[in-house]
Amino acid sequence: MPMTGELSPIDKAKFVAAKRAVEFVESGMRVGLGTGSTAAWMVRCLGERVRDEGLNILGVATSTRTADLAREMGIEVISLDEAKWLDITIDGADEFDRDLNLIKGGGGALLQEKIVATASDRMVVITDVSKQVETLGAFPLPIEVIPFGWQTTKALVEETLVSLDVLGQEVTLRMNGEAPYVTDEGNRILDLHLHRIGNARQLSLVINQIPGVVENGLFIDICDAVVIGFGNGKVEVRDVSAGTVEQELVEFAETDNIFTDLTD
Ligand code: 5RP
């Protein structure tokens, strides 16, 4: 694993966003742990606080890969049913707009991510600035569908899109090499290439009505704050609930253990 000095600007942006966001976590909290490359930095940063400061937390992971990484980092992982309710969830996103509505699921974990985020007092998104959009939809919207009759479900989704306020209507089955991608719940992912989503709230409600659709990757009114990282180490914290925007520089040492103790 490279030392900080060798990190690309994008990785540095993800890292500083993660490093700042874990400052929201306090001992005694039950913490939702997101999935993806930015969330992986957050799990490492949290693990560092557990190890160095004795931070006492319980983590609920949004995927098996996050659960594995969290345990590796020394974070105690419990199920959502054991936790029942969470103080905070920190996760990445594929897109966010000015109201902090999101597209998630690029990493295929949208279902558990949405359940966990919704079960949290507070959801904080960590991201780099490239994910900020005026209107959601340039990133293909993932929807999770059950395997039974998925082609019929796909056809129904395509038919539904015709009457919705979107620019594109192509729907593709997500693949993992030669085989369909399989989620942690054993489902499939359809990616909706919409280009522009005129009414995200309506789309989310209508898509979820289609039999076979388990959940979609639109997170509407779920995210409370976003921590945007920049390649120069700066972060911007936008809190939509508090109506505040703050900028600061995240300090970190290039010899930080976090860059040297990883096996993945
Ligand atoms: C996984 C997600 C991720 O949070 C999203 O894809 C962003 O990932 P990354 O931080 O790797 O860009 O929704 O399902």
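The values are calculated or read from the model by the stated rules, or taken from the named source; none is laboratory data. On a predicted model such as this, the values are computed, not experimentally measured, just so you know. Reconstructed Cβ throughout: ideal geometry from the backbone, glycine too, with neighbour counts over all protein chains shown. Side chains are part of the model used for accessible areas, which takes the heavy atoms of the whole protein and leaves out ligands, DNA and RNA. Shrake-Rupley method; radii C 1.70, N 1.55, O 1.52, S 1.80 Å.
Go ahead and collect, in residue order, the members of the range 115-141 whose backbone nitrogen is under 12 Å from a label point 7 Å along the Cα-Cβ direction of Asp99. 135-136, by backbone N distance to the label point. Residue ranges 23-32, 238-247 sort as 23-32, 238-247 when ordered by packing (mean number of other C-beta atoms within 10 Å per residue, highest first). Here the label points at Phe252 and Tyr181, each 7 Å from Cα along the C-beta direction, are separated by 2.6 nm in the simple model.
Relative contact order, whole percent, for the range 14-134 stands at 30, derived from Cα pairs under 8 Å and 6 or more residues apart. In straight-distance terms, cross-link reach from Lys14 covers every one of the lysines whose alpha-carbon lies under 24 Å from its own, apart from those fewer than eight places away in the same chain; here that gives Lys104, Lys114, Lys131, Lys234. Between the Cα long axis of helix 150-161 and the first principal axis of the chain there is an angle of about 80°, rounded to the nearest 10. List residues of the range 70-98, by number, whose backbone nitrogen lies under 16 Å from a label position 7 Å along Cα→C-beta of Glu26. Only 86-89 pass the distance filter. Relative to the longest principal axis of the Cα atoms of the chain, the long axis of helix 9-21 lies at roughly 80 degrees. Among Glu82, Glu236, the sequence by solvent-accessible area, most first, with a 1.4 Å probe is Glu82, Glu236. Averaged over residues, the count of other Cβ atoms within 10 Å places the peptides 65-74, 118-127 in the sequence 118-127, 65-74, highest first. Only protein atoms count toward the accessible area here, which uses a 1.4 Å probe; on the chain, the carbon and sulfur part of that area reaches 49 percent. Amide H neighbours of Glu215 under 5 Å, at least 5 residues apart or on other chains, H built in the peptide plane: list them. Correct list: Glu144.
Using the heavy atoms of the protein chains alone and a 1.4 angstrom probe, what is the accessible area of the range 141-214 per residue in square angstrom?
Ligands and nucleic acids excluded, the figure is 53 Å² per residue.
Summing charges over neighbours of Leu190, with a neighbour being any other residue whose Cβ is under 14 Å away from its Cβ, gives -3 when K and R count +1 and D and E count -1.
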